[in-house]
Ligand code: UN1
């Protein structure tokens, strides 16, 4: 099965069958690949290659660079099913979501193709006669990309598609849990490069299937002006300062602890469906997963009742065969979930669900029933992110109180309110509302489209990726002042003669 997918995706057998590091599918624990883990030594050479590729690529006009991304999007369209299946095999999300991730890649490529003709600068009024001022944007250099297991392809594409049209080369260190997806994306991009022709330099994109040391080498190297890293807050706390210490730039996409405020006027049918998708979808392993439900006290009993019913009926199992909840990524993830639930019990919370499922059928895989935890208040346990399907439920009486609870966590990625009261809705997205990078009304906190800037505040890291004006992060801003007169007036009226 994997062999035929990899063959159609164009990944050579040697790359994923002959190494000493076993890649296991979370679906059943079976080994689906053997890759070689590269050490730090190789990184030096890869960065030198990436620099060379950058020198050539930045000379290709931006709309031509966009043509390469268009060809890549065509590969993705042609291989959506195969890549979607591979995502499911390797990270365990259900096939619908695997396909959704590939669609997200196609969408960002389409955006980047259009962007390649719109790398606009500004013209600025100069205070001096006979002078022009403007702002122009130039390619930045080799871009280092570090991605996480739970979205093994889309966040790479958000960065890669824009970075390529902006004239940069790419160095990608994927999660050690999902190297096959990275090899597949690389193979598809190489096919697009072949179709594009000689203008695309060798090593324009390279993958580093490496260990922690390899990642550190990439992060520390001043030849890599930008590191874009997705992962835990713990990882970001290491990467951010290391990149800053060498005056590099970083885009950090770290933990989330996303909430929904459920107000009395809300359409409850819609809200329950939104909670289900955002709290149990991807088995609770999205950075945008709904982790906290802040429900008006008058609604709590009814909502919890409805949720328990929906949770009981949800299908848990093989993500390739129509279940809505697939496995957790591994045993450690299962244990962290159990720890959190145990702590909740000790704190007098009411815990529903959270048990291991299908253990006899899949002794080497970790399926769980998603859990609902009624918490008396928001405490340290609720404030920390457990990357598993646990939904903490807390109550409020006044909107101000609900917004305060929403904001009183270290993370600031996504948030939402369900209400039909326009005053409440607009307050939530106003200056005194949610403090998150994403604040939605009447939709859940997950499943963002690529058109907006994606990312969050506080311990989420402050980075933004994908749409809006994010392309600017992959370019170097230059201010130009051009004197077309025969005089040499100084700014600020200074006389120097
Ligand atoms: C992630 O979990 O790292 O908004 C990214 C969403 C997706 C991206 C999630 N578009 O849920």
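The values are calculated or read from the model by the stated rules, or taken from the named source; none is laboratory data. Here the structure is a predicted model, which is why all the values come from computation and not from measurement. Glycine gets a Cβ as well: all are built from the backbone with ideal geometry, and neighbour counts include every protein chain shown.
Below is a table of values for the structure above.
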| quantity | calculated |
| --- | --- |
| Only one of 229, 214, 202 that is closer than 25 Å to residue 64 by Cα and assigned by the TED database to the domain that holds residue 34 | 202 |
| The stretch 275-289 - residue that is under 15 Å from the mean Cα position of the chain (by Cα) and within 10 Å of the ligand (Cβ to nearest atom) and, of those, farthest from residue 460 (Cα to Cα) | 282 |
| Residue that is nearest to residue 199 (Cα to Cα), among those in the stretch 161-177 that are within 15 Å of the ligand (Cβ to nearest atom) and buried (at least 24 other Cβ atoms within 10 Å of the Cβ) | 161 |
| Unique residue being at pLDDT 95 or above, closer than 20 Å to residue 253 by Cβ and more than 16 Å from the ligand (Cβ to nearest atom) when the list is 422, 409, 368, 393 | 409 |
| Scope the stretch 410-436; condition part of a loop (DSSP other than H, G, I, E, B) and touching a strand residue (DSSP E or B) at 6+ places or on another chain (Cβ under 8 Å); matching residues | 410, 413, 419, 429, 433, 434, 435, 436 |
| Failed item, numbered, when residue 188 is tested on (1) under 21 Å from residue 33 (Cβ atoms); (2) within 16 Å of the ligand (Cβ to nearest atom) | (2) |
| Set 60, 43: member being assigned by the TED database to the domain that holds residue 475 and either within 16 Å of residue 193 (Cα to Cα) or assigned to a loop (DSSP other than H, G, I, E, B) (or both) | 60 |
| Residues of the stretch 437-454 classified as outside any loop (DSSP other than H, G, I, E, B) and more than 11 Å from the ligand (Cβ to nearest atom), total | 3 |
| Residues that are surrounded by fewer than 18 Cβ atoms within 10 Å (Cβ to Cβ) and within 16 Å of the ligand (Cβ to nearest atom), drawn from the stretch 199-238 | 232, 234 |
| Residue tally, condition in contact with a helix residue (DSSP H, G or I) (Cβ under 7 Å, 6 or more places away or on another chain) and in a strand (DSSP E or B), over the stretch 455-495 | 2 |
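Residue-wise test of (1) in a strand (DSSP E or B); (2) within 29 Å of residue 450 (Cβ to Cβ).
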position: 293; (1), (2): yes, yes
position: 302; (1), (2): no, no
position: 305; (1), (2): no, no
position: 308; (1), (2): no, no
position: 320; (1), (2): no, yes
